[in-house]
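Engineer: Before I ask anything, let me first share the structure, which is written out below as structure tokens.
The values are calculated or read from the model by the stated rules, or taken from the named source; none is laboratory data. Predicted, not measured: the structure shown is a model, and the values here were computed from it. Every residue, glycine among them, receives a Cβ derived from its backbone with ideal geometry; neighbour counts consider all protein chains shown. Side chains included, ligands, DNA and RNA excluded: accessible areas come from the protein's heavy atoms. Shrake-Rupley method; radii C 1.70, N 1.55, O 1.52, S 1.80 Å.
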Amino acid sequence: MTAGAPLRHNSAAATTKRHHGKRPRVTDRTMQRIFSGIQPTGNLHLGNYLGAIRNWVRLQDEYECLFCVVDMHAVTTWQEPRELVANIREVTAGLLAAGLDPERNIIFNQSQVRGHAQLAWIFSCVARMGWLNRMTQFKEKAGKHRENASVGLFAYPTLMAADILLYKATHVPVGEDQKQHLELTRDIAQKFNNDFGVEFFPLVEPLIFGAATRVMSLRDGTNKMSKSDPSDYSRINMTDDADTIVVKIRKAKTDPAPLPESPAGLEDRPEAANLLGLYGALSETSLEETCQRFAGASFSDFKNEFAELSVSVLGPIQDEMRRLSADPGHVDAVLRQGAGRARDLAAPILAEIEEIVGYLRP
Ligand code: AMP
Ligand code: TRP
């Protein structure tokens, strides 16, 4: 799916009748609901902005959207409690500063809506160990210390499935790295539907936008730009000031050749491909046009323009983030109000799920 293309109608989302139940369950046939999440683990970076947040801003005009700061996912690895609180506020401020409207969208932090944990438990009992064993993000995050990883880190994708399906969301905008988790979400939905003989959960569709679906580290073009990279020089943080951005870009790894005239010349040049790709994404031009523009140029000339562009795009967002960070009461009010709306949306869905599962509610 590319930005701007219409969403496909998801027929599974439209019907929620039991195969052999007495009461047909009916929901709005035209419903298309967007859900996405972001971890409050510090250092919102350019990959988050281009791969996720900017796309969310575009979707809010057309769809009913929920955007969730996933603090329960964050604690699958150790988080200093006070930092976690600060990071939840900072990420929320980043979302608002980037242009998400808390009136049109539901913006909240996950732990405020207990249904996420409740449904995650049910999904832990639906998903199979073998499915989770195949998750590449777990392998990457757990590394050599698998036995020492938290059970939560292993079960992470079942919570993610719960996030989405608690609202019967149909479409999930994410970067490439989350595709496998969304496939698992579909598997869980399908198995739940089969096990209980219902057509209850929709099969979610990932929305992967054309540009910057995988922004790479500035230090190594084969590694993803990530909040958890120990080197701050690997990423451009949304809170970096102009001088820091300029220095980071100046230090970014390159290769000795001049810039190519077409994308074909970027083969086996991961750093050049990443930097030109980023320039294209920030300036909203194609990679072809970006290559033509800088054909034959040195990296140092290119980097000057790239730094200037980055500062001009991020600057206004940073100003707004600073303003919001001075007003935590406002950010908290947004999260509180968003959580209330999310709870209202989730409550009847969760009640139906629990009835399907056979929990007694005397
Ligand atoms: P996370 O920082 O892991 O919570 O990711 C939040 C969102 O940003 C998800 O939709 C990710 O797919 C996206 N994202 C994270 N890192 C990158 C990256 N390096 N390039 C593109 N998208 C990313
Ligand atoms: N796992 C996602 C990430 O690391 C964050 C996330 C949690 C998410 N729940 C979600 C994304 C639900 C989309 C939908 O980026």
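Engineer: Relative to the longest principal Cα axis of the chain, at what angle does helix 115-126 sit, 0 to 90 degrees, rounded to 10?
Structural biologist: 80 degrees
Engineer: Once every DSSP H run of n ≥ 4 in the chain is given -39500 (n - 2.57) and the sum is divided by its residues, what mean residue ellipticity at 222 nm do you get, rounded to the nearest 500 deg cm²/dmol?
Structural biologist: After summing the helix terms and dividing by the residues of the chain, the value is -15500 deg cm²/dmol.
Engineer: Summing Lys, Arg as +1 and Asp, Glu as -1, what charge do residues with Cβ under 13 Å from the Cβ of N55 carry, N55 excluded?
Structural biologist: -2
Engineer: Could I ask something else about it? Which loop GluC sites (Glu not before Pro) in region 275-317, with loop taken from DSSP, have no more than 12 other Cβ atoms within 10 angstrom of their Cβ?
Structural biologist: Taking region 275-317 and a limit of 12 other Cβ atoms within 10 Å, the loop GluC sites (Glu not before Pro) found are E284.
Engineer: Measure nothing fancy, just the Cα-based angle from helix 151-165's long axis to the longest principal axis of the chain, in degrees from 0 to 90, nearest 10.
Structural biologist: 80 degrees
Engineer: Looking at the chain, what % of its DSSP beta bridges pair antiparallel, to the nearest 5?
Structural biologist: Counting DSSP beta bridges with both partners in the chain, the antiparallel share is about 20 percent.
Engineer: Using Cα atoms only, what is the angle between the long axis of helix 328-357 and the major principal axis of the chain, expressed in degrees (0 to 90) to the nearest 10?
Structural biologist: 40 degrees
Engineer: List the trypsin sites (Lys or Arg not before Pro) in region 143-242 that DSSP assigns to loop (not H, G, I, E or B) and whose Cβ has at most 16 other Cβ atoms within 10 Å. Which are they?
Structural biologist: Filter output for region 143-242: R214.
Engineer: Let me ask another. Could you tell me whether region 138-229 comes out rounded, prolate or oblate from its Cα gyration tensor? Rule is a ≥ b ≥ c as square roots of the eigenvalues, rounded for a/c under 1.5, then prolate if a/b exceeds b/c, otherwise oblate.
Structural biologist: Here region 138-229 falls in the oblate category.
Engineer: Could you tally the net charge around T213, taking each other residue with its Cβ under 14 Å from the Cβ of T213, Lys/Arg +1 and Asp/Glu -1?
Structural biologist: Once positives and negatives cancel, what remains is +2.
Engineer: Another one. Just flag the GluC sites (Glu not before Pro) in region 38-144 sitting in loop per DSSP whose Cβ has no more than 11 other Cβ atoms within 10 Å.
Structural biologist: Sites meeting the loop and neighbour criteria: E103.
Engineer: Would you kindly give the portion of the calculated P(r) for region 196-330 that falls above 20 Å, as a percent of all Cα pairs?
Structural biologist: Taking all Cα-Cα pairs of region 196-330, the fraction more than 20 Å apart is 52 percent.
Engineer: Here's something else I'd like to know. Most mobile of V198, V151, V57 per a Gaussian network model of the chain (Cα springs, under 10 Å)?
Structural biologist: Maximum fluctuation in the GNM of the chain, among the listed residues, is at V151.
Engineer: Most fluctuating residue of D101, D187, D301 in a GNM of the chain with Cα springs under 10 Å: which is it?
Structural biologist: Comparing D101, D187, D301 in the GNM, the peak value goes to D301.
Engineer: Quote the relative contact order of the chain in percent (integer), defining contacts as alpha-carbon pairs under 8 Å separated by 6+ residues.
Structural biologist: Once divided by the residue count of the chain, the mean separation gives 23 percent.
Engineer: Where the centre of each part is set by its Cα atoms, how far does region 37-51 sit from region 144-170, in angstrom?
Structural biologist: Between the Cα centres of region 37-51 and region 144-170 lies a distance of 18 Å.
Engineer: Something else: If ligands, DNA and RNA are left out, what is the accessible area of Y63 with a 1.4 Å probe, given in Å² to the nearest 10?
Structural biologist: It works out to around 40 Å².
Engineer: In percent, how large is the relative contact order of region 239-296, given Cα pairs closer than 8 Å and 6 or more residues apart?
Structural biologist: Relative contact order for region 239-296 comes out at 39 percent.
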